[in-house]
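Please read the structure below before turning to the comments.
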Amino acid sequence: MCAGLVTGAAVSVVTARVGEASNPQRKVLAASVAYTTGIVGGGSGSGSGVLGLRTSVTWTEVNNPGSAAGFVPAAPPLIPPLPADLFYPFVSTTSSQDALNTVSGAAAGGGGGGGTAAALLAVAAAAAAVLARA
């Protein structure tokens, strides 16, 4: 007996007619898939059991594409998540507070030899602040 095997998939596609009124074209607005899992097996152990798979596709057409204009998907991140040890060879920090202290110390001229790395951290922190305001 095998538990947790994918035994089915349900695909849902949302479309709308766009373009010229005399020759509208279907455009896919969204698509999603949902998997179903189940327990398979329980046969005689000879490996010749029957495995039933189920797949379904649902097409939904939006009659008034203007009604979908209010839907705005989330913007992808401008800067992908960066690992904590990105500047490891240059700056070794153990917490975000240490990173802030390093950046503020470099800005005050008291950086402990990591001026270039601290300047890079300052630029990254400024870019993150600008993106957070946007």
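Please sort 119-132, 77-90 by packing, taking for each peptide the average over its residues of neighbouring beta carbons within 10 angstrom, highest first.
For the peptides 119-132, 77-90, the packing ranking is 119-132, 77-90.
Tabulate in residue order the Karplus-calculated ³J(HN,Hα) for the stretch 77-83, using 6.51 cos²θ - 1.76 cosθ + 1.60 with θ = phi - 60°, rounded to whole Hz; enter x for Gly and Pro.
3J(HN,Hα) across the stretch 77-83, in whole Hz: x, 5, 10, x, x, 9, x.
FYI, it's all coordinate maths here, none of it is from the lab. Worth saying up front: this structure is predicted, and the values here are computed from it rather than measured. Cβ coordinates were reconstructed from backbone atoms using ideal geometry, including for glycine residues, and neighbour counts include every protein chain displayed.
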